[in-house]
Every structure is written in structure tokens, then in C-alpha cells.
Amino acid sequence: MSPTTILLRAETKAVECRSALTPTTAKTLLDDGYNILVERSPARCYRDEEFEAIGATLVPTGTWEKAPKEYIILGLKELSDDGVPDYHTHIHFGHCYKAQPGWINYISWFNPDGGLLYDIEYLTDENNRRVAAFGYHAGYAGAAVALMAWAHQTTGPGGGGGALGAIPVFESAGDVVDAVKTGVESASQQQEQRKPRVLIIGARGRCGTGAVNFCQQAGLPDSHIIQWDIAETSARGDGPYPEINDADIFINCIYLPAGTRIPPFVTRESLSVPGRKLSVICDVSCDPTSELNPIPVYDRYSSFDEPTVPVDLGEGDQGPRLNVVSINHLPTLVAREASEDFAGQLLPSLRTLDRRQAEGVWVRAERVFREKAEEARDASWRARWLP
């Protein structure tokens, strides 16, 4: 029987440097008897030579598109739907199970005669907990970008409110910390040594822990890092929460399961009050197009080229300009550290791919795909035939 082949494809999303496999995890799979192919990629945080050195076979970028049907195509971010049904088995974040824009076309892109998506967000254990997530580094990077935005608003041209420019690619998390510390110190000097107060909701989860840790590494005193979790929000009742206006930065780190609705944390009305200090929101859990978004004051993603989305509160608002960070692949800011963590979490499941028809994590993920594919077919039919 021939070995199972995993093809690590190059990412196509702009400024995506992370990898679902590291040279270390690829070597483990090779030792297990898997055949590992790696598409060449100048953007990946690992050099092609690092994979070649451990025995993986390097192939040209785009090889996956014409690869044999039995190859398993591994990536991170969603692919571009070119309209031609695909017959491969894919593993990546599809961002298409919560009725996001284009979800019907994306799910339908996987040919019902063989195509399959194991969505990484829905790889779960027997207790319905995700087996691999970028949560910690999403919060970590989100706090970094939020502090960059705050510092720029304080020290940038015109001093106050200007949009943060393109974020450079950093070699390591240490470089990010150094850059942000320098920016915060410079901004603080212009504010009579006042450092920003950061309110984090979801502070005790993986994502929130990352945000708290970065703020600490960036030199903020613990008294300036306000940590809320379920207990703190429950004690205050339903949002919106006026206390958010008293912070300089608000970071949302909660994870909402599909279909879950909660009262908003902020609204345009709750932000349009005298004395607001808040000038930066970082929505790590960003889902700007969803009616379930608990931060319904912006309607699009930002990017590493344009990191912030301005919030227009009207001419009568007297507070500082307000910008939202809504980058949906934040961990690429610290790509190597994030990839090491994530790939280590994913590895135990990847080692069972050769028996995926019976292994629980893959069986559960396929079941979700089949259910969502059926929903997409029904939605497509209704859109076409019902008035």
C-alpha cells in the first residue's frame, strides 16, 4: 500500500507568512511513513532549504492544482474560488461555515464527487474542543498592532487620529516587542509619561492571555491592563459597557461559536458620549459582515497594508478619532513563533490522517463539511427558485 501524501501548498493570501507544517513536524510525519511534498514559497517564514534538509520533497508553487486526487492538500488560509470544481481533500481555514460572504460558492467549489474540506476551525476532540488554534498569538499580535495604532495616533503627523500605515514584516516576536516598546515610550513622553490603559475582554482565554502577555512585555504596568472575562462581564449585565470608553484601547478576544448572539459590547450610540478616551479598538475575533458581531461599529476587514478602519461617529462627536484593527490573520505578525505553536498542536491529528475514515477528529470534521455542503445546496436552490 502506497504511503499517504501530504502536500503543503504555498499560501496565496497577501502578507501570509505562517505555515501549517514546520520542518520539525514535517520530519515527524516523514518518520511515520508519510510522503511530504512542500511547495516552494518565498513568503513562508521557513526557508525552502529547511524543509529540504529534513527530507521533504520540494515542488513548484501551484503543484497542488494538478496533483493526483489522493493527495491531501494542507494549507492555512482559504483559496481563491476560480469556478472550476476541485476534487482534492483539503485541510485549511475555509471561513465559510458561518454564512460569510461567498460561503455558498466556496463550499460548492469542493466537487461533490470527491472534493472535501477538513476545516481546521472544526477539527475537534471528543469534548468538542479545537485541537489546534492560533488563539494565543492572535491576541499577542492584536495587542501589538493596537499599541502601534495608539502610538501612531499620538505621535504621527498632526498628532492624534491619523491612520496607522503599513506594518512591516518582523523577523521575530522580540523585534515586534522592541518596536512597540519604542513607539509607546515615545508617545507616552508626549502625554506627560502617561501610558495607555488597555481593556481586554476574554482576558483569561488563550487569545486574551496572549494580549495580556504582550502588553506586559511592551512595558505597560499591570494597573493599566484591565482584564475582563465571563465573571466581570456577567457582573455588569448586558452590554454595551460604558467602562470601555474610559480605556485608551479596547481588545476583544472572545470566541463566539457559530450562531451565538450576545448583546454588543459597544455601539455607535455608546461611543458617542462626552469624555470618551477610547481611540483604538482591536477586534481579534473580527467578523465584520456578521449580524452577530458584538462590535457593530465597522463593516470591513483591515490588512497589514491598511491596518485600521476608521469609525465615523458623526460631526457632533467630541472624542478622539476612533480606529478599528480588524485583521483576520494577525498571527502572521509573529509568524515563526505562531507556526511553531500551531503546528505542534496540529501534529497529533495529522499523524492519524492515514486512518482518517475511522479516526474521530477527521470523522467529525467531515460530518460538519457534509452538513454545511447540504445547507449550501439548499440555500443556492432557494436563491435561484424562490421569489
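Total residues in the stretch 185-199 satisfying the condition of being open to solvent by 60 Å² or more (accessible area, probe 1.4 Å) and closer than 15 Å to A146 by Cα: the figure is 2. Selection of first residues in the stretch 214-230 that are in contact (Cβ under 8 Å) with a residue 60 or more places away in the chain and of second residues that are in a loop (DSSP other than H, G, I, E, B) and small (G, A, S), restricted to Cβ pairs under 6 Å at least 6 apart or on distinct chains, gives an empty result.
Taking each residue of the stretch 358-375 that is over 19 Å from D113 (Cβ atoms) and looking for partners that are open to solvent by 60 Å² or more (accessible area, probe 1.4 Å) and of a type outside the set (A, V, I, L, M, F, W, C) with beta-carbon atoms closer than 9 Å, six or more apart or interchain, yields G360/E126; V361/E126; V361/P348; W362/R355; V363/Q357; R364/E126; R364/N128. Of all residues in the stretch 91-111, those satisfying the criterion of being in a loop (DSSP other than H, G, I, E, B) and either open to solvent by less than 30 Å² (accessible area, probe 1.4 Å) or among the hydrophobic types (A, V, I, L, M, F, W, C) (or both) are F93, G94, C96, Y97, A99, Q100. Selection over the stretch 326-352 of residues that are in contact with an Asp or Glu (Cβ under 7 Å, 6 or more places away or on another chain) and assigned to a loop (DSSP other than H, G, I, E, B) gives a count of 4. The set of residues from the stretch 112-141 being open to solvent by less than 10 Å² (accessible area, probe 1.4 Å) and at pLDDT below 95 comprises just one member, G115. A residue that is within 19 Å of E366 (Cβ to Cβ) and assigned by the TED database to the domain that holds E371 occurs somewhere in the stretch 49-70. You will find that of S285, S326, S270, the residue that is surrounded by fewer than 22 Cβ atoms within 10 Å (Cβ to Cβ), among the small types (G, A, S) and either under 21 Å from the mean Cα position of the chain (by Cα) or modelled with pLDDT of 95 or more (or both) is S270 and no other. Hey, could you check the stretch 4-47 for residues that are in contact (Cβ under 8 Å) with a residue 12 or more places away in the chain and basic (K, R) and say which is nearest to K66 (Cα to Cα)? The qualifying residue nearest to K66 (Cα to Cα) is R9.
The values are calculated or read from the model by the stated rules, or taken from the named source; none is laboratory data. Bear in mind that the values here come from a model prediction, so they are computed numbers and not experimental data. Cβ coordinates were reconstructed from backbone atoms using ideal geometry, including for glycine residues, and neighbour counts include every protein chain displayed. Heavy atoms of the whole protein, side chains included, go into the accessibility calculation; ligands, DNA and RNA do not. Shrake-Rupley method; radii C 1.70, N 1.55, O 1.52, S 1.80 Å.
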